[in-house]
Amino acid sequence: MEIVGVVSKHRHDVQNETTLQRLFVPLAQSYRGQTFLHVRLNTTDPRAVVAMIPAVRQMLRDIDPSCQF
């Protein structure tokens, strides 16, 4: 596998302050049937992040109405 970037520790869950280390691999190299969308916002306010979730979900539904969350 070729390393194409490095990501710092980050929170995996908006409502959990625990930081995790992750390894990201290209979808084509390691398909598992479960895909995650990572969205980075320019804020540290957890209320703003939580408020953004419905908008992101709606954008995904607009792209693919069969999406289930």
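The values are calculated or read from the model by the stated rules, or taken from the named source; none is laboratory data. Since the model is a prediction, treat every value here as computed from it, not as a measurement. Surface areas here come from the heavy atoms of the whole protein model, side chains and all, with no ligands, DNA or RNA. Shrake-Rupley method; radii C 1.70, N 1.55, O 1.52, S 1.80 Å.
For the stretch 26-35, give me each residue that is open to solvent by less than 80 Å² (accessible area, probe 1.4 Å) and either at pLDDT below 70 or not in a loop (DSSP other than H, G, I, E, B) (or both).
Residues of the stretch 26-35 that are open to solvent by less than 80 Å² (accessible area, probe 1.4 Å), as a first pass: 26, 30, 33.
S30, G33, listed by residue number.
Can you tell me which residue in the stretch 36-53 is modelled with the highest pLDDT, limited to those that are open to solvent by 80 Å² or more (accessible area, probe 1.4 Å) and of a type outside the set (S, T, N, Q)? Break it down stepwise before answering.
Narrowing the stretch 36-53 to residues open to solvent by 80 Å² or more (accessible area, probe 1.4 Å): 36-40, 42, 44, 47.
With of a type outside the set (S, T, N, Q) added as a condition, the list becomes 36-40, 47.
On the way: F36: 73, L37: 76, H38: 77, V39: 81, R40: 81, R47: 89.
So, considering only residues that are open to solvent by 80 Å² or more (accessible area, probe 1.4 Å) and of a type outside the set (S, T, N, Q), the one modelled with the highest pLDDT is R47.
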For the stretch 1-20, which positions are within 14 Å of the chain's Cα centre (by Cα), at pLDDT below 70 and open to solvent by 100 Å² or more (accessible area, probe 1.4 Å)?
Q15
